[in-house]
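Some notes on the structure that comes next.
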Ligand code: ADP
Ligand code: 5GP
């Protein structure tokens, strides 16, 4: 049984561009919430900061961390490796901090399957429509049309993983989406009632995948 004193783990996953990094950053502004900073072999995007957005490492260093069994989970995503080191996460949780993870479905599955002794809540974030997803990706990765095309293609496959998450949330208006996630996390922590409509989500998924 998870202890009441320990922090909880909150995973946000989504098809690329749906807004999970933005939402994780907003959620981390609350007292007692910390972001798990991942390691990656991908190059930094303009504006991304070393050791804040990611620990940017080369493939040799990533492999060293795998061999040393330092990862709680890791996965290959879009031809690069991404992973979460175990020690900082467990330290935060043991100090009563809630830890936010911005990781893909492979990492979420791995953490779920570990059945750690900490409460885990998982969210899958969806865009309002494919058109809006395309616009967001195009804005963010302005110079790289190839990246946008690749991520739009991947959307069709990624979206299918919604079924394995506790909650699916649509990121239309950012503040509304943030408030929805925050109140679901609060309800999970306090065993309160949850304002969640699975039928509405199913209909939205049918729309996105038709
Ligand atoms: P992800 O981490 O899921 O790949 P990001 O958080 O990087 O997505 O968001 C993709 C882009 O969309 C960013 O430029 C971000 O500022 C923008 N964005 C995120 N949420 C919203 C929203 N609700 N409305 C408009 N733009 C958004
Ligand atoms: P991006 O390159 O856009 O920052 O991230 C690409 C994908 O990798 C996103 O789905 C993001 O959630 C995922 N990701 C980021 N860090 C990790 C991690 O540590 N582990 C896993 N499994 N996925 C990650």
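At-a-glance table
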item	result
Residue 131/residue 200 FRET efficiency (R0 30 Å; Cβ-Cβ; nearest 0.05)	0.90
Ordering of 38-50, 61-73 by burial proxy (mean other Cβ atoms within 10 Å per residue, highest first)	61-73, 38-50
Nearest-0.05 FRET efficiency for residue 191 and residue 51, computed from C-beta distance (R0 41 Å)	0.70
Cα gyration tensor shape for region 31-138, rounded if a/c is under 1.5, else prolate or oblate	oblate
Prolate/oblate/rounded label for the chain (Cα gyration tensor, a/c 1.5)	oblate
Cα gyration tensor, region 127-185 - rounded (a/c under 1.5), prolate or oblate	oblate
Between region 113-170 and region 1-35, the Cα center-to-center distance that results, in Å	15
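Any read-out appearing in this document is the output of simple, stated calculations on the displayed coordinates, not a laboratory observation. Not measured: the values here are computed from a predicted model. All Cβ positions, even for glycine, are placed from backbone atoms using ideal geometry, and neighbour counts span all protein chains on display.
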